[in-house]
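**Student:** Let me give you the structure first, and then I'll get to my questions.
The values are calculated or read from the model by the stated rules, or taken from the named source; none is laboratory data. These numbers were taken from a predicted model, which means no experiment stands behind them. Every residue, glycine as well, gets a Cβ built from its backbone with ideal geometry; the counts of neighbours run over all protein chains shown. These area figures cover heavy atoms from the full protein model, side chains too; ligands, DNA and RNA do not enter into them. Shrake-Rupley method; radii C 1.70, N 1.55, O 1.52, S 1.80 Å.
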Amino acid sequence: MITVSEIERRYKLSSDEFTKNYVDQGKPVIISGVIPSWNGFSQWSLKYFKQLSPSLNIYAKKFSDKGIEICSLTMKNYIGLIESYEADYLNSPSPPYCHDLPLFSLIPSLIEDAQPFPLDYLPEWYWYKWWRYCQFFLGCSNSITPLHFDCLLTNNIFFQIVGRQTIYHTTT
Ligand SMILES: [Fe+2]
């Protein structure tokens, strides 16, 4: 098992080195210095999304002993739930977790915010309309995605834009 302290952290890793030393080796790496250079990085926040598209219908998942419940609500209402929880988490219900939202397709103006996007980390067949393949997650503190299996069998580039995340994974 690999722990976080054993995963290398590389600043603005070149795509050649990324492919040769990490992708081809099946080795995880944390790359820093990419997202802060995005045009819109500094403005991405709950307030920004709420103002940008308040009536956008989104979906979020609630996990419980009974299984997965899908909730449908507007961006404004969802962010309101997160803000209430963050302000007083002891007395607020935990909001559902917004998973796998095709955000760039829903709000195309955000594509420009994510420029320069590091396309050279991806195989060329992803380059054309790359944003179609991005899945956006938005949630409150302590949100959890249960252990699962990504059946597409592809590698995964995870962009942490705001906040922090602990990822547990297993290898076979
Ligand atoms: Fe996954």
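**Student:** Taking the full set of protein chains and a 1.4 angstrom probe, give the accessible area of D16 in square angstrom, rounded to the nearest 10.
**Tutor:** Roll a 1.4 Å probe over it and D16 shows about 120 Å².
**Student:** Additional query: Per-residue accessible area for K76 at 1.4 Å probe radius, Å² rounded to 10?
**Tutor:** Accessible area, nearest 10 Å²: 110 Å².
**Student:** Taking the Cα centre as origin and putting +1 on Lys and Arg beta-carbons and -1 on Asp and Glu beta-carbons, what dipole magnitude results for the chain, to the nearest 20 debye?
**Tutor:** Around 240 debye, computed over the chain.
**Student:** Here's something else I'd like to know. Over the chain, calculate the relative contact order: mean separation of alpha carbon pairs under 8 Å at least 6 apart, over the residue count, as a percent.
**Tutor:** Here the relative contact order equals 22 percent.
**Student:** Under the Karplus relation 6.51 cos²θ - 1.76 cosθ + 1.60, θ = phi - 60°, what is the ordered set of whole-Hz ³J(HN,Hα) values for segment 16-21, x standing for Gly and Pro?
**Tutor:** Taking θ as phi minus 60°, the curve returns 4, 5, 4, 5, 5, 8 Hz for segment 16-21.
**Student:** When DSSP beta bridges are limited to those with both residues in segment 1-126, what percentage is antiparallel, rounded to the nearest 5?
**Tutor:** Of the beta bridges lying entirely in segment 1-126, close to 70 percent run antiparallel.
**Student:** Moving to a separate point now. At 1.4 Å probe size, with no ligands or nucleic acids counted, give the accessible surface of V162 in Å², nearest ten.
**Tutor:** Rounded to the nearest 10, the figure is 100 Å².
**Student:** Counting only heavy atoms of protein chains, what accessible area per residue, in Å², does the chain have with a probe of 1.4 Å?
**Tutor:** Per residue, the chain has an accessible area of 71 Å².
**Student:** How big is the Rg/Rh ratio for the chain, C-alpha atoms only, Rh by Kirkwood, two decimals?
**Tutor:** Here Rg/Rh amounts to 0.96.
**Student:** What are the ³J(HN,Hα) values, in whole Hz, obtained from phi via the Karplus relation 6.51 cos²θ - 1.76 cosθ + 1.60 with θ = phi - 60°, for each residue of segment 152-158 in sequence order, with x given for Gly and Pro?
**Tutor:** 6, 6, 9, 6, 9, 9, 10
**Student:** Given H placed 1.01 Å from N in the peptide plane, which residues other than close sequence neighbours of R10 have an amide H under 5 Å from its amide H?
**Tutor:** I30, I31, S32
**Student:** In addition: Over the chain, what percent of the accessible surface lies on carbon and sulfur atoms, probe 1.4 Å?
**Tutor:** Accessible surface attributable to carbon and sulfur in the chain totals 54 percent.
**Student:** Within segment 1-160, how many Lys pairs that are eight or more residues apart, or on different chains, come under 20 Å at the alpha-carbon?
**Tutor:** 7
**Student:** So what's the net charge close to I68: Lys and Arg +1, Asp and Glu -1, counting the other residues with Cβ under 10 Å from its Cβ?
**Tutor:** Local net charge: +2.
**Student:** Just to confirm a number: summing +1 for Lys and Arg and -1 for Asp and Glu over residues other than P108 whose beta-carbon lies under 12 angstrom from that of P108, what do you get?
**Tutor:** 0
**Student:** Protein chains only, probe 1.4 Å: how do R10, R132, R164 rank by accessible area, largest first?
**Tutor:** Ranked list, largest accessible area first: R164, R132, R10.
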